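Novice: I'd like to ask some things about the structure below.
The values are calculated or read from the model by the stated rules, or taken from the named source; none is laboratory data. Just so we're clear, the structure is a prediction, and the values are computed from it rather than from any experiment. Please note: Cβ atoms are built from the backbone with ideal geometry, for glycine as well, and neighbour counts cover all protein chains shown. SASA here: full protein model, heavy atoms, side chains in, ligands and nucleic acids out. Shrake-Rupley method; radii C 1.70, N 1.55, O 1.52, S 1.80 Å.
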Amino acid sequence: MAAAAASLVSYGSDSDSENESKSGTSPEKVDPDALAHLQPLKSGSVTSIAVLNSAPEVAVKEDVMTGVHLDPALKEVTYNPSYETMFAPEFGPANPFRSQQMAAPRNMLSGYAEPAHVNDFMFEQQRRTFSTFGYALDPSLDTSQVSSSSYIGAVEEAEKNKGLMAFETGVKKSEKRKKVKGGDASDIESFLGPWAKYQDERDVAKPSEDEKKELDEILAKRQKRGKNEEEAPAEEKTILHIKDAYDYQGRSYLHVPQDVGINLRSADVPDKCYLPKKQLHVWTGHTKGVSAIRLFPRSGHLLLSCSMDCKIKLWEVYNDRRCARTFIGHSKAVRDVCFNNTGTQFLSAAYDRYLKLWDSETGQCISRFTNRKVPYCVKFNPDEDKQNLFVAGMSDKKIVQWDIRSGEVVQEYDRHLGAVNTITFVDENRRFVSTSDDKSLRVWEWDIPVDFKYIAEPSMHSMPAVTLSPNGKWLACQSMDNQILIFGAQNRFRLNKKKIFKGHMVAGYACQVDFSPDMSYVVSGDADGKLNIWDWKTTKLYHRIKAHDKVCISALWHPHETSKVITCGWDGQIKLWD
């Protein structure tokens, strides 16, 4: 080795050797390992040749046997190490409980993943194909030459589907377009549309013979019921409960009595009202819950009640307090009733979708009105010259105006977004206020089908019962958040935040509110069957009476009495309190 190194050095130029001899220095011995790093000599010299190590270092037998520690970062090993040497711990003693799986290198939770680049779309396509069809392309094979052996999983399914992938369809889009676009014009007539291929499959879901018979019976019943409802409304009849319809002077029960201690004909209101304390009378006759009660206009000597037993009854408020007459003519529960100004006629609205006009004295049904929707409330126009017109709030979000003389709809107020619950006339009957399930309050000019005032706040709830105060200045609205809200009934229709009546539970029920004639008290029923009485000025809850076993749905203060209140409930009873 030393001789080879000396010979390499001798390849140097003569000038170099001359310089060395002049300087008096002798050539030093060269380390063979250093020759491997020799740089090329100057121009005119021979390029150096890399020195090969013909005798590399080899591990001695003792190192192999004793298991010398191997650096994990080492890339090349010059001997065959044992298993113990390869998997010996880097620091500390060997773990006797460590398994081969634990000792294996890991770069993720489940083991060692080799770095590989796969297109995101291709990976997702193969994953979805495997989860949908049960097969996928073998990732270890070349995908350019696809055969039956190129698939893993359900290979038979892959052959059956001809290797169809998740994002592919049976026919390529380009082929489809060619078929549609490239054909003759005559082919358009034979094109049956995209559902043509399912024509043969339409017969699969046919019912069996027994099911078909049942379906035919159900359809026949529905058609029969529909025809009955459309063609023949419930037959109207009436029952007179008192002995004589007329007295010795030829006066009917509509005549205002003059022997009751107060003048019912006058328009005067009591100077001072008092809280009712005790129960005076109970009117019984309805077999189901009472929906609404209305006093005879002006005098209040008669009481009209409608019930869920489909009947309407007229009661005497004074003297014997008998049931004067029953009106039968609805096939479903009656929702609302309303007298005209004189009390000679009244309207009834029921869930059978009919509004009927009745004669209060004879019990005859004068006419019927329907637009195939459920009427929730009905009101005559209080103007004397418009007594032939009435409005009804319907379940289809409309307020419909009918003319009694022609029996036709003359106007529709269609702005609400929910079923209309109440209609109340204000401002000398020039306007009316409506409330709805859409939690809004709208004010309308008569006969103009666009609301000129719309009140809706995010905090507002539905108000299914509204009453105008005796002085015509305020609207009391029963709100579904267990409050009675007071709105001004003149001009601005603003909420009076100082007058909010609380302390009762009415959520879910349209409990009617009323005022005492002198505006001292506000009365309302509640869901517990109690009659609640508040002071108007202070909004303090003064008195609470357990009036009914079920919901107390309405409370009316008699307009000529100082302390008489009439309540009705879902227990079918009507009670008089004093």
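Novice: How about the stretch 423-440: which of its residues are assigned to a loop (DSSP other than H, G, I, E, B) and open to solvent by less than 10 Å² (accessible area, probe 1.4 Å)?
Specialist: 440
Novice: Would you check if there is a residue in the stretch 506-519 being farther than 24 Å from residue 392 by Cα, touching a strand residue (DSSP E or B) at 6+ places or on another chain (Cβ under 7 Å) and surrounded by fewer than 16 Cβ atoms within 10 Å (Cβ to Cβ)?
Specialist: There is no residue in the stretch 506-519 that is farther than 24 Å from residue 392 by Cα, touching a strand residue (DSSP E or B) at 6+ places or on another chain (Cβ under 7 Å) and surrounded by fewer than 16 Cβ atoms within 10 Å (Cβ to Cβ).
Novice: What are the pairs, 6+ residues apart or on separate chains, where a residue within the stretch 347-358 that is in a loop (DSSP other than H, G, I, E, B) has its Cβ under 6 Å from a residue that is buried (at least 22 other Cβ atoms within 10 Å of the Cβ)?
Specialist: Correct list of pairs: 352/330.
Novice: Can you confirm whether residue 420 is closer than 18 Å to residue 493 by Cα and either modelled with pLDDT of 95 or more or surrounded by 22 or more Cβ atoms within 10 Å (Cβ to Cβ) (or both)?
Specialist: no
Novice: Now for a different question. With the condition being of a type in the set (D, E, K, R), I'd like the strands (runs of 3 or more DSSP E) fully within the stretch 280-338 carrying at least 2 qualifying residues.
Specialist: 311-316
Novice: In the list 470, 464, which residue meets the criterion of being within 22 Å of residue 497 (Cα to Cα) and either surrounded by 23 or more Cβ atoms within 10 Å (Cβ to Cβ) or among the hydroxyl-bearing types (Ser, Thr, Tyr) (or both)?
Specialist: Going through 470, 464 in turn, just one is within 22 Å of residue 497 (Cα to Cα) and either surrounded by 23 or more Cβ atoms within 10 Å (Cβ to Cβ) or among the hydroxyl-bearing types (Ser, Thr, Tyr) (or both): 464.
Novice: Within the stretch 93-117, how many residues turn out to be part of a loop (DSSP other than H, G, I, E, B) and either under 19 Å from residue 139 (Cα atoms) or not hydroxyl-bearing (Ser, Thr, Tyr) (or both)?
Specialist: Residues flagged as part of a loop (DSSP other than H, G, I, E, B) and either under 19 Å from residue 139 (Cα atoms) or not hydroxyl-bearing (Ser, Thr, Tyr) (or both) within the stretch 93-117 amount to 17.
Novice: Looking at (1) open to solvent by 10 Å² or more (accessible area, probe 1.4 Å); (2) within 17 Å of residue 433 (Cβ to Cβ); (3) modelled with pLDDT of 95 or more, which is the one condition that is false for residue 487?
Specialist: Looking at each condition in turn, residue 487 falls short on (1).
Novice: Tell me yes or no: at least one residue of the stretch 118-135 is more than 30 Å from residue 72 (Cβ to Cβ), at pLDDT below 80, in a loop (DSSP other than H, G, I, E, B) and not aliphatic (A, V, I, L, M).
Specialist: no
Novice: Separate question: So, residue 443, is that one open to solvent by 40 Å² or more (accessible area, probe 1.4 Å) and among the aliphatic types (A, V, I, L, M) or not?
Specialist: Considered against the rule, which asks whether it is open to solvent by 40 Å² or more (accessible area, probe 1.4 Å) and among the aliphatic types (A, V, I, L, M), residue 443 comes out as no.
Novice: Additional query: For residue 546, state whether it is in contact (Cβ under 8 Å) with a residue 12 or more places away in the chain, basic (Lys, Arg) and over 14 Å from residue 517 (Cβ atoms).
Specialist: When the stated conditions are applied, residue 546 passes them.
Novice: Same structure again: Just need a number here: residues in the stretch 530-556 that are within 16 Å of residue 289 (Cβ to Cβ) and either among the aromatic types (Phe, Trp, Tyr) or under 32 Å from the mean Cα position of the chain (by Cα) (or both).
Specialist: 5
Novice: Now, a different point. Select from the stretch 468-494 the residues that are over 28 Å from the mean Cα position of the chain (by Cα) and over 13 Å from residue 441 (Cα atoms) and list them in ascending order.
Specialist: Within the stretch 468-494, 468, 469, 470, 471, 472, 473, 474, 490, 491 meet the criteria.
Novice: Just checking, which of 368, 372 is part of a strand (DSSP E or B), open to solvent by 40 Å² or more (accessible area, probe 1.4 Å) and of a type outside the set (A, V, I, L, M)?
Specialist: 368
Residue-wise test of (1) touching a helix residue (DSSP H, G or I) at 6+ places or on another chain (Cβ under 8 Å); (2) surrounded by fewer than 22 Cβ atoms within 10 Å (Cβ to Cβ); (3) at pLDDT 95 or above.
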{"site": "302", "(1), (2), (3)": "no, no, yes"}
{"site": "311", "(1), (2), (3)": "no, yes, yes"}
{"site": "319", "(1), (2), (3)": "no, yes, no"}
{"site": "322", "(1), (2), (3)": "no, yes, no"}
{"site": "328", "(1), (2), (3)": "no, yes, yes"}
{"site": "340", "(1), (2), (3)": "no, yes, yes"}
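Novice: Go over the candidates 58, 77 one by one and state the one that is among the β-branched types (Val, Ile, Thr) and modelled with pLDDT of 75 or more.
Specialist: 77
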